[in-house]
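A quick write-up on the structure given underneath.
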Amino acid sequence: MSLQKSALSVRENAYAPYSNFKVGAAIRSEGGAIYSGCNVENVAYPEGTCAEAGAIAAMVAAGETRLSEVYVIADSPHPVSPCGGCRQKLAEFGTGDVVVTMANLDGVEQKMTLADLMPGAFGEHHMENT
């Protein structure tokens, strides 16, 4: 299954009773496996989970920690981009040259790299003590 089909399929499982804004995400690990996730809302809004975070959690649960490609899709007028927190999560597991495809249900896609999405990203190099 392609990243696009995986993200589109899992989007249907999103739990979004408050916003009705269903999001699906699929990531390909460096090992080539595809992991997907959907958003899961909670009546206490900050307690929800984004689709990208769900896909990352599935990848890590399977024992992988590096991603090589990302696809995010939602029913919106324009391709939907990962939120700031998910951009940081993606940057944790991918390099700056990882391509993130953002899409909507009308077939419009926009591609950017993680470096484009996270200029000046906080990374492990910031944690080095000299």
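The values are calculated or read from the model by the stated rules, or taken from the named source; none is laboratory data. Values in this document were obtained by computation on a predicted structure and should not be read as measured data. Positions of Cβ are backbone-derived with ideal geometry, glycine not excepted, and every protein chain shown enters the neighbour counts. Keep in mind that these areas ignore ligands, DNA and RNA; they rest on the heavy atoms of the full protein, side chains included. Shrake-Rupley method; radii C 1.70, N 1.55, O 1.52, S 1.80 Å.
Summary of values
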| read-out | value |
| --- | --- |
| Subset of the stretch 1-56 (residues that are more than 20 Å from residue 95 (Cβ to Cβ) and among the hydroxyl-bearing types (Ser, Thr, Tyr)) | 2, 6, 9, 15, 18, 19, 36, 45, 49 |
| Residue 46, sole failed condition from (1) at pLDDT below 95; (2) touching a Cys at 6+ places or on another chain (Cβ under 6 Å); (3) not acidic (Asp, Glu) | (2) |
| Every residue from the stretch 54-72 that is among the hydrophobic types (A, V, I, L, M, F, W, C) and either touching a Lys or Arg at 6+ places or on another chain (Cβ under 6 Å) or open to solvent by 30 Å² or more (accessible area, probe 1.4 Å) (or both) | 56, 57, 58, 60, 61, 62 |
| Breaking point among (1) part of a helix (DSSP H, G or I); (2) in contact with a Ser or Thr (Cβ under 7 Å, 6 or more places away or on another chain); (3) of a type outside the set (D, E, K, R), for residue 24 | (1) |
| Matching residues, the stretch 15-27, being surrounded by fewer than 22 Cβ atoms within 10 Å (Cβ to Cβ) and touching a strand residue (DSSP E or B) at 6+ places or on another chain (Cβ under 9 Å) | 15, 16, 21, 22 |
| Counted residues, the stretch 80-122 - those being modelled with pLDDT under 95 and surrounded by fewer than 13 Cβ atoms within 10 Å (Cβ to Cβ) | 5 |
| Answer residue from the stretch 33-48, given it is in contact (Cβ under 8 Å) with a residue 12 or more places away in the chain, out of contact with any helix residue (DSSP H, G or I) (no Cβ under 8 Å at 6 or more places or on another chain) and of a type outside the set (A, V, I, L, M, F, W, C) and is surrounded by the most Cβ atoms within 10 Å (Cβ to Cβ) among those | 41 |
| Test: residue 74 is at pLDDT 95 or above, in contact with a helix residue (DSSP H, G or I) (Cβ under 9 Å, 6 or more places away or on another chain) and more than 30 Å from residue 126 (Cβ to Cβ) | yes |
| Tabulated pairs, the stretch 1-19, first more than 18 Å from residue 29 (Cα to Cα), second assigned to a loop (DSSP other than H, G, I, E, B) and open to solvent by 100 Å² or more (accessible area, probe 1.4 Å), C-beta under 7 angstrom, 6+ apart or interchain | 18/43 |
| Number of positions in the stretch 20-31 that are more than 17 Å from residue 85 (Cα to Cα), of a type outside the set (Lys, Arg) and touching a residue at least 12 places away in the same chain (Cβ under 8 Å) | 4 |
| Strands (runs of 3 or more DSSP E) wholly inside the stretch 43-130 that include at least 3 residues being within 12 Å of the chain's Cα centre (by Cα) | 67-74, 99-104 |
